[in-house]
1. Which order do the peptides 164-176, 287-299 take when ranked by the mean count of other beta-carbon atoms within 10 Å per residue, highest first?
2. Quick one: grab the alpha carbon gyration tensor of region 69-261, order the square roots of its eigenvalues as a ≥ b ≥ c, and give me rounded if a/c is under 1.5, else prolate or oblate depending on whether a/b is larger than b/c.
3. Any idea what the dipole of region 69-261 comes to, in debye rounded to 20, about its Cα centre with Lys/Arg Cβ at +1 and Asp/Glu Cβ at -1?
4. How do I72, I156, I280 rank when sorted from fewest to most other Cβ atoms within 10 Å of their own Cβ?
5. Which number do you get for Rg(Cα) / (2.2 N^0.38 Å) in region 217-260?
6. Averaged across orientations, what area in nm² does the convex hull of the alpha carbons in region 152-232 project?
7. Could you tell me how far the Cα centroid of region 287-321 sits from the Cα centroid of region 231-265, in Å?
Amino acid sequence: MLKIFLIILFVLIGCRDAEYALIYKDPTVVEVEVEVPVYIEVEVEVGTPTEEVEVWIDSFVQVTAVDGVDIIWVIDRSGSMNIHESNLMAGIEAMMHALPAGGWRLVMISTDPDEAAVENQFPLVTGDDILDAEDMFSLMGTGTEESGFDALYTYIEDNPYSSTWMRHDAALLVVFVSDEDDQSTIMATPNEFLDWYVARRFGNVFLASIVNVDPADTVCTSTYPPDYTGERYMEATSHIFGTVIDICSDDWSAGVNDATVQIEPITTIELTHEPVPETIRVFVSGSLYPDWTYDAARNSVDFSVVPTGGNLVEVGYVIKQ
């Protein structure tokens with residue numbers, strides 16, 4: 001075996017599930033330049049001078065533990081959405097089952113800001129079931145506008161009822177559901193919306209969007225106009241590493257469950273590739289982290305001491321050939 005030094009690149013920016021690849025063939029140092037790099041030298045033993053080795057990095061930003069979560073489903077109630085109603089109810093039921101036993105509250109509002117401004121239904125809580133969710137859905141306002149960003153803003157900022165149940169110390173999870181793109185004017189761009197949204201709850205905010213995805217990626221059997229693609233919703237959601245679900249999927253449950261677990265601190269990370277186990281290195285905010293084990297059967301790194309919230313966690317390893 002040839003002992004070489006790898007310089008594994010870690011980019012200290014807030015990200016979740018970011019991945020970087022570094023390939024070399026010679027026993028020399030290889031550097032890849034990106035913005036604001038921090039280089040950490042790690043000694044490993046791999047192969048021979050002519051063997052190609054690929055180093056991979058999986059990463060995420062640890063969730064900050066919170067006391068409960070407030071959830072708002074912002075739902076397009078236009079006529080074309082009727083075909084998705086059964087999936088909508090199944091998705092909400094899946095979320096209710098996936099949430100921790102206590103501490104959550106869930107409401108539904110329309111994507112029409114005028115309706116959101118007067119919505120005043122008491123939230124669903126632990127102990128409620130799908131029948132209660134169906135009752136809330138049937139009683140909620142409908143409207144004609146498809147402006148999810150503005151509707152959420154209006155509900156939180158201008159509707160006095162929201163302050164009677166929403167908690168400043170809980171996490172906030174918003175799920176947008178629409179078969180058209182956002183048409184907001186108050187929050188005229190995804191960046192404007194994010195500037196406002198990310199400032200809520202000391203940054204403990206999460207997003208999911210159930211929308212028409214790019215036509216090249218959708219499972220829809222019929223075509224839809226380009227402006228029906230949920231570009232603005234997807235841009236905002238992806239920017240804070242949320243969950244995007246194809247509205248044409250037969251079952252939203254898996255995606256909804258992915259969105260739900262965003263609010264729970266991460267105790268294990270499944271690796272993208274099978275590693276050479278002895279090359280695995282874990283870093284938390286750029287420092288080597290010792291409190292983990294590798295589970296080969298699940299191809300995961302499990303934390304014996306869970307990294308604290310807000311830290312960038314990176315797992316680098318040589319991919320097994």
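1. Values: 164-176: 19.5, 287-299: 12.2.
Final packing ranking: 164-176, 287-299.
2. rounded
3. Values: 6 positive and 34 negative charges, 141 e Å.
I would put it at about 680 debye.
4. Values: I72 24, I156 20, I280 17.
Listed from fewest to most nearby Cβ atoms, that is I280, I156, I72.
5. On the way: Rg = 11.3 Å, N = 44, 2.2 N^0.38 = 9.3 Å.
Compared with the compact-globule rule of thumb, region 217-260 sits at 1.22.
6. Working: hull surface 25.3 nm².
Average of the hull's projected areas for region 152-232 equals 6.3 nm².
7. Answer, in whole Å: 24.
Throughout, read-outs are computed from the coordinates displayed, never taken from laboratory work. Given the structure is predicted, the values throughout are model-derived calculations rather than measurements. Positions of Cβ are backbone-derived with ideal geometry, glycine not excepted, and every protein chain shown enters the neighbour counts.
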